[in-house]
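These notes concern the structure reproduced below.
Just so you know, all these numbers are worked out from the coordinates, no wet-lab data involved. All of these numbers come straight from a predicted model, not from anything done at the bench. All Cβ positions, even for glycine, are placed from backbone atoms using ideal geometry, and neighbour counts span all protein chains on display.
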Amino acid sequence: MWHINIQEIFTAFLVLFAVIDITGSIPIIMSLNASGTRVKAGKAAGLSLALIVGFLFVGEGLLKLFNTDIESFAIAGALILFALAVEMTFNIEIFRNDGPPGYSTVVPMVFPLIAGAGTLTTALSLRAECSIINIIIAIVLNMAIVYFVIRNVNLAERLIGKGGIYILRKFFGVILIAMSVKLFVSNLTLLLE
């Protein structure tokens, strides 16, 4: 159970990296920072790590406790992603900035962007292929990348410029809408079977 396997770590790392897609979140991070609610790199990576690893162990039981399933959980995450994407694409404020200082690090950064329904369900499904220790190592490596990207987002902002950020925000807004629709439809299909 606790045997370290480089191939399993690499597989889990790549799968989680693709699902988390922190580089695709750069325009969102920039947008949150520009709105005055700065995303804290350490807090985002630490909370995401705790949430994903915790869900790896207790996720299925927790969902059963609330009489829900993974598909319903994924649909809820898809709806949050959709709302965020609509904000990015159409400049409509859905998530009010009326929370306590630093709340944007938790919502929408930690959930649903980094440790969203897709990431949490992927971590659970990796248990069928990889040992838990290898999945945890892959999660830690991904959170190191998350920390680095969020911490250095200002560098990307300086390189791209305000016009580039605006274009990226619109482009990734549409991509995020497509991802949320796919997540919604695929899990709704599973739910209705």
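Within the same chain, lysines fewer than 8 places from Lys182 are excluded, and of the rest, those with a Cα less than 27 Å from its Cα are Lys64, Lys170. Assuming a ≥ b ≥ c are the square roots of the Cα gyration tensor eigenvalues, decide whether segment 39-87 counts as rounded (a/c under 1.5), prolate (otherwise, with a/b larger than b/c) or oblate. Because a/c hits 1.5 or more and a/b fails to exceed b/c, segment 39-87 counts as oblate.
To test your reading of the geometry: what angle, between 0 and 90 degrees and rounded to tens, separates the Cα axis of helix 132-151 from the longest principal axis of the chain? In the chain, helix 132-151 runs at an angle near 10 degrees to the longest axis. Placing unit charges on each Cβ (+1 for Lys and Arg, -1 for Asp and Glu) gives the chain a dipole about its Cα centre, and among Ile9, Ala144, Ser125 the Cα reaching farthest toward its positive end belongs to Ala144. Rounded to the nearest 10 degrees, the angle from helix 153-192 to the longest Cα principal axis of the chain is 40 degrees. When segment 1-77 is described by a simple charge dipole with +1 on each Lys and Arg Cβ and -1 on each Asp and Glu Cβ, the residue from Leu51, Val39, Ser72 located farthest towards its positive end is Val39.
Set the Förster distance to 25 Å, then compute FRET efficiency between Glu93 and Lys40 from the Cβ-Cβ distance, nearest 0.05.
Values: r = 22 Å, r/R0 = 0.87.
Rounded to the nearest 0.05, the efficiency is 0.70.
For Ala50 and Lys162, what does the FRET efficiency come to when R0 = 35 Å and r is the distance between their Cβ atoms, rounded to the nearest 0.05? The computed FRET efficiency comes out at 0.50.
Other residues whose C-beta falls under 15 angstrom from the C-beta of Ala144 contribute a net charge of +2, scoring Lys and Arg +1 and Asp and Glu -1.
Considering helices alone, the calculated mean residue ellipticity of the chain at 222 nm is -25000 deg cm²/dmol, with DSSP H runs of length four and up weighted by -39500 (n - 2.57) and normalised per residue. The aspartates and glutamates within cross-link reach of Lys40, meaning a Cα-to-Cα straight distance under 17 Å and a gap of 8 or more places when in the same chain, are Glu157.
If the chain linking Phe171 and Thr68 were pulled fully straight, counting 0.36 nm for each residue of separation and taking away their Cα-Cα distance, it would gain 33.7 nm. Computed from the C-beta positions of Leu155 and Ala18, the FRET efficiency with R₀ = 30 Å rounds to 0.80. Reducing segment 143-193 and segment 1-50 to their Cα centroids gives an inter-centroid distance of 12 Å. The Cα atoms of segment 1-92 give a gyration tensor whose axes a ≥ b ≥ c have a/c of 1.5 or more with a/b no greater than b/c, which makes the shape oblate. With K and R counted +1 and D and E -1, the other residues having a Cβ less than 14 Å from that of Lys162 yield a net charge of +2. Overall shape: oblate for segment 111-185, with the ratio a/c of the largest to smallest alpha carbon gyration tensor axis at 1.5 or above and b/c at least equal to a/b.
Note: relative contact order over the chain, using C-alpha pairs below 8 Å and six or more positions apart, is 46 percent. Label-to-label distance for Leu141 and Val185 is 3.3 nm, based on points extended 7 Å past Cα in the beta-carbon direction.
A simple spin-label model places the labels of Ile4 and Glu129 2.2 nm from each other, with each point 7 Å out along Cα-to-Cβ.
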